[in-house]
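Okay, structure first, notes after.
Taken together, the values in this text are just the output of simple stated rules run on the coordinates, not laboratory data. Here the structure is a predicted model, which is why all the values come from computation and not from measurement. A quick note on method: Cβ atoms are made from the backbone with ideal geometry, for glycine too, and the neighbour counts reach across all protein chains shown.
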Amino acid sequence: MVNLGWCPPAGLIDAATATYNIRSQHDRIRELLQRARAVADAALDGNAPSPDAVASAIGDIHATMVVHSAFEENALFAILHDRLSLGLEHMKRLRDEHARQRVILASLHREAAVCPELPLLAAKLTFVTFWLMADMDEEERTMLTGATSASACDPTLGTCVGK
Ligand SMILES: [Fe+2]
Ligand SMILES: [Fe+2]
């Protein structure tokens with residue numbers, strides 16, 4: 001699992017801090033997904049780095065997304081609280097999408113655990129990387145705009161979650 005650089009906040013966090021930390025997690029997840037896509041591409045070409053490389057990448061993505069979606073649902077209360085007119089609709093959409101992601105990733109992870117060398121896994125892994133990348137882009141376009149500030153990530157101020 002990729003290190004998302006996050007530990008639970010001691011108390012409420014502000015919208016700018018929440019936004020900064022979600023974007024930071026997205027950057028790390030994008031790197032994870034790019035590595036996973038390279039593994040899937042190699043496997044589809046018959047050159048997997050190891051027999052269980054695809055299954056291992058699926059497990060990493062599943063574990064990482066469980067942590068990320070839990071953080072995001074908590075942190076977004078801070079962001080959406082600042083935009084009450086948008087809050088309920090966006091929160092419902094986010095939770096629905098997270099529920100869908102949890103089901104699909106858990107199912108794929110189970111499949112990978114049972115049959116780690118199944119050829120179809122690489123194609124499914126490729127799909128998952130594109131799907132999750134698109135979802136993060138969508139979240140940043142619709143929910144994470146306008147709430148960032150430089151002070152949100154200044155560790156000297158003690159405001160940056162995960163520092
Ligand atoms: Fe999300
Ligand atoms: Fe996200």
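Laid out as a table, the results:
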{"read-out": "Members of the stretch 105-122 found to be crowded, with 16+ Cβ neighbours inside 10 Å and within 16 Å of ligand 1 (Cβ to nearest atom), listed by number", "value": "105"}
{"read-out": "Some residue of the stretch 84-101 being among the aliphatic types (A, V, I, L, M), away from ligand 2 (no atom under 14 Å from the Cβ) and closer than 19 Å to residue 27 by Cβ", "value": "no"}
{"read-out": "Restricting the stretch 131-145 to residues that are outside any loop (DSSP other than H, G, I, E, B) and touching a residue at least 40 places away in the same chain (Cβ under 8 Å), the residue that is nearest to ligand 1 (Cβ to nearest atom)", "value": "139"}
